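Here's the structure, in structure tokens; my notes come after.
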Amino acid sequence: MSRSAYSAEGAVAVGPYSHAVESGDQIYFSGQTPIDSETGKLVLGDIVAQTEQCFKNLFKVLSVTGLTSDDVIKVNVFLTDMGNFTAMNTVYANQFSAPYPARTTIGVASLPLGAQVEIEMIAQKKR
């Protein structure tokens, strides 16, 4: 099966990967860290600011695919400090509407560039 890739202006990649790849009727979004596309630097601040930036980056890519947050079916969140779960969850809840996507939140030792959070998604194209 071939794959087609999406790139979004204003989303940053810090390695050799696509912002998103379509396979069949699903689109897999690469993890986004809280990098400000205007400065190319990690957003400084608490987990709220970093989580908001991750979603800004992800939703820039999502819009290029022609989909919306209502089309997201699965989200994976990676946190370097599970003590930040509640604050991250508050931001997360404002990004989607019920029924919410399935989600996994994983505590990790570290993330690229010293980020506190990284988020990836899977979306389903309408049939």
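The values are calculated or read from the model by the stated rules, or taken from the named source; none is laboratory data. What you see is a predicted model, and the numbers here were worked out from it, not measured in a lab. Every residue, glycine among them, receives a Cβ derived from its backbone with ideal geometry; neighbour counts consider all protein chains shown.
Miscellaneous remarks
- Filter pass, V48 being under 24 Å from A5 (Cα atoms) and assigned to a helix (DSSP H, G or I): no
- Test for E38: is it more than 24 Å from Q124 (Cβ to Cβ), among the acidic types (D, E) and in a helix (DSSP H, G or I): no
- Of all residues in region 65-93, those that are at negative phi and modelled with pLDDT of 95 or more have Cβ atoms under 6 Å from Cβ atoms of residues that are exposed (fewer than 12 other Cβ atoms within 10 Å of the Cβ) and not in a loop (DSSP other than H, G, I, E, B), 6 or more apart or on another chain, in K74/A102; N76/T104; F78/I106.
- Among the residues of region 21-29, not a single one is outside any strand (DSSP E or B) and within 22 Å of I106 (Cα to Cα).
- Exactly one residue out of Q53, Q95 is of a type outside the set (A, V, I, L, M, F, W, C) and assigned to a loop (DSSP other than H, G, I, E, B), and it is Q95.
- Single unsatisfied condition, V48 versus (1) in contact with a strand residue (DSSP E or B) (Cβ under 7 Å, 6 or more places away or on another chain); (2) aliphatic (A, V, I, L, M); (3) under 21 Å from S110 (Cβ atoms); (4) modelled with pLDDT of 80 or more: (1)
- Residue ID - nearest to V43 (Cα to Cα), chosen from residues in region 90-115 that are of a type outside the set (K, R) and surrounded by 15 or more Cβ atoms within 10 Å (Cβ to Cβ): A115
- Matching residues, region 116-127, being crowded, with 18+ Cβ neighbours inside 10 Å and either among the small types (G, A, S) or assigned to a loop (DSSP other than H, G, I, E, B) (or both): Q116, A123
- The single condition among (1) more than 27 Å from K126 (Cβ to Cβ); (2) surrounded by 11 or more Cβ atoms within 10 Å (Cβ to Cβ); (3) among the polar types (S, T, N, Q) that Q26 does not meet is (1).
- When region 15-59 is limited to residues that are in contact (Cβ under 8 Å) with a residue 40 or more places away in the chain and of a type in the set (S, T, Y), the one that is nearest to L113 (Cα to Cα) turns out to be T33.
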